1. When S97, S153 are ordered from fewest to most other Cβ atoms inside 10 Å of their Cβ, what list results?
2. I want the local charge near D104. Using Cβ-Cβ distances under 12 Å, sum +1 for each Lys or Arg and -1 for each Asp or Glu among the other residues.
3. Any idea what the relative contact order of segment 6-139 is, in percent, if you count C-alpha pairs under 8 Å spaced at least 6 apart?
4. Taking the Cβ of I84 as the center, what net charge do the other residues with Cβ under 9 Å away carry, scoring Lys and Arg +1 and Asp and Glu -1?
5. Which three extents, in angstrom, do the Cα atoms of segment 65-163 have along their principal axes, listed largest first?
6. Ignoring solvent entirely, what values of log10 I(q)/I(0) come out of the Debye formula for segment 45-120 at 0.15, 0.16, 0.18, 0.21 Å⁻¹ when each Cα is a single scatterer?
Amino acid sequence: MIRRILPFFLLIVALSLALGVYMSYEAVRSSFLGTLSERMETVAEQIATSIRSSQSFGIALEEQETLPALLRREGVGVRYLQQIDVLGAGGEVLYSSREARVGDAAEPDERWSVTSELSNDLGETIGSVVVWMDREAAQSTIRALALDLLLHSLPFILGALVLATLGLLFILHALRRRAERLAPPSEPLRAARPQVEELEDVHRRAAEELGSGRA
């Protein structure tokens, strides 16, 4: 019985623990990506604010010649930031922290980029600032976090499996002892019961005869 129940029970416990570790990993991963997105949004908004300030002085987006230097400065020292692009209304790259991208068409990736829209005084969209995250560096960090979480969780998982095994064995042993106490007599005892009753009758009659003779 124990051999049949124990593997199934341990499988359920292991799956429950694995689910808990996976949920912890997803929570850490989501928190990391959320923090990363907020950081990139701050950079994008700072650049967009500078562009809007120049627009307020009548300098059109296409004429802001100081933008390339600004983009390079903003991109330095920010971890996980790959590049910064300023796009025109048609999606072409007007300025970039990587000069080779100027003139190329760009399609922002919702997962690995952050966009801040630019508009004119009439509320018409004239372009956008796109901050691209370094996907490979971010994924490498996520893998490192997952490995660290697994290494820290492994001793607890093994300990939980050992405790669960001991607990199950204790419960099964207690149930077995209780079942043995409550179980009816075995078949050999049932078969010998008539002979035992017959010996008891003989003993009783002999005692009665012995008592009568003394009287």
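1. Working: S97 24, S153 17.
If I rank by nearby Cβ atoms, fewest first, I get S153, S97.
2. Surrounding charge for D104 is -2.
3. Numbers: 168 pairs, mean separation 31.9, N = 134.
Normalised by residue count, the contact order of segment 6-139 is 24 percent.
4. On the way: positive: R72, R98; negative: E74, D85.
With Lys, Arg at +1 and Asp, Glu at -1, the neighbours total 0.
5. Computed over segment 65-163, the largest-to-smallest principal extents equal 68, 27, 21 Å.
6. Here log10 of I(q) over I(0) equals -0.49, -0.56, -0.72, -1.00.
All of the numbers you see were taken from the coordinates with simple rules; none came from a lab. Just so it is clear, the model here is predicted, and its values are computed rather than measured. No Cβ is skipped: glycine too gets one built from the backbone with ideal geometry, and neighbour counts run over all protein chains shown.
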